[in-house]
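Please treat every number below as a calculation from the coordinates, not as lab data. All figures in this text were calculated on a predicted structure; none of them were measured in a lab. Cβ sites come from the backbone with ideal geometry, for glycine too, and all protein chains shown count toward neighbours.
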């Protein structure tokens, strides 16, 4: 199985101290470009809710929408590990989690990701038992953003750090092959990374994780209306699109 080999390679990278690279994609051309560039992991994230569909946050994203975008991305991926997010309220029970995960695999995903640690142990274990590779996600949970009143740093206190470590260990014990640490205090992220055998992939969690993931739109400046503080933007695609559009308008109007 291709996915199995890639996941073994990710664990081997951790053991060798080689950093894992991951980016999001929501359409065929982006996925193909990332894949051809050599990225390790491509995530069809429910972040598409904001950067593609114009929602306020990820809590409006449906499984139907995730399936649609996963199919598109899958057509462009030849070598990277393709992971798809389980959107909110599609894994409230173990049975629902397995059914939703199978739907995403049917759309072309090689693995799935859900948010939560100790409280999602049963769902993760069930997905893995069904033969579907599973990526965890602890720390800041975007699907909880409304309850928490924003995107807030996690793991700043000793109690918070211990709770996050327990979440990460639960994810590992349930059978996940890796875990995303989102907006976790750098020292806490380092401690979690050292405590786990599976790779940690950080986003806004310092440099000590085994890998890093970003929303591609943030990396290339394709969503200029919101810029996370932790992102180093490499190019400004939005500015280039505006310039090209203005040039087209000018040329067409004969100005």
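Before moving on, here are some points about what is shown:
- Matching residues, the range 156-179, being over 22 Å from residue 43 (Cα atoms) and either in a loop (DSSP other than H, G, I, E, B) or in contact (Cβ under 8 Å) with a residue 60 or more places away in the chain (or both): 156, 157
- Screening residue 49 with (1) touching a residue at least 40 places away in the same chain (Cβ under 8 Å); (2) within 22 Å of residue 233 (Cα to Cα); (3) crowded, with 18+ Cβ neighbours inside 10 Å gives one miss only, at (1).
- Only a single item in (1) more than 17 Å from the chain's Cα centre (by Cα); (2) over 27 Å from residue 191 (Cα atoms); (3) surrounded by 24 or more Cβ atoms within 10 Å (Cβ to Cβ) is not met by residue 66, and it is number (1).
- Selection count where residues are within 16 Å of the chain's Cα centre (by Cα) and more than 21 Å from residue 8 (Cβ to Cβ), scope the range 187-201: 0
For (1) part of a helix (DSSP H, G or I); (2) in contact (Cβ under 8 Å) with a residue 40 or more places away in the chain, each residue gets a yes or a no:
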{"residue": "217", "(1), (2)": "yes, yes"}
{"residue": "222", "(1), (2)": "no, yes"}
{"residue": "226", "(1), (2)": "no, yes"}
{"residue": "229", "(1), (2)": "no, no"}
{"residue": "234", "(1), (2)": "no, no"}
{"residue": "239", "(1), (2)": "yes, no"}
{"residue": "242", "(1), (2)": "yes, no"}
{"residue": "247", "(1), (2)": "yes, no"}
{"residue": "251", "(1), (2)": "yes, no"}
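- Hits in the range 32-46 (condition: closer than 20 Å to residue 223 by Cβ and in contact with a strand residue (DSSP E or B) (Cβ under 6 Å, 6 or more places away or on another chain)): 34, 39, 42, 43, 44, 45, 46
- Every residue from the range 208-239 that is more than 20 Å from the chain's Cα centre (by Cα) and under 18 Å from residue 34 (Cβ atoms): 235, 237
Here's the yes/no breakdown for (1) out of contact with any helix residue (DSSP H, G or I) (no Cβ under 8 Å at 6 or more places or on another chain); (2) more than 20 Å from residue 181 (Cα to Cα); (3) surrounded by fewer than 21 Cβ atoms within 10 Å (Cβ to Cβ):
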{"position": "13", "(1), (2), (3)": "yes, no, yes"}
{"position": "17", "(1), (2), (3)": "yes, no, yes"}
{"position": "20", "(1), (2), (3)": "no, no, no"}
{"position": "24", "(1), (2), (3)": "no, no, no"}
{"position": "33", "(1), (2), (3)": "yes, yes, yes"}
{"position": "56", "(1), (2), (3)": "no, yes, yes"}
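- Qualifying residue in the range 180-198 (condition: free of Cβ contacts under 8 Å to residues at least 40 places away in the same chain, surrounded by fewer than 20 Cβ atoms within 10 Å (Cβ to Cβ), out of contact with any helix residue (DSSP H, G or I) (no Cβ under 9 Å at 6 or more places or on another chain) and under 27 Å from residue 110 (Cα atoms)): yes
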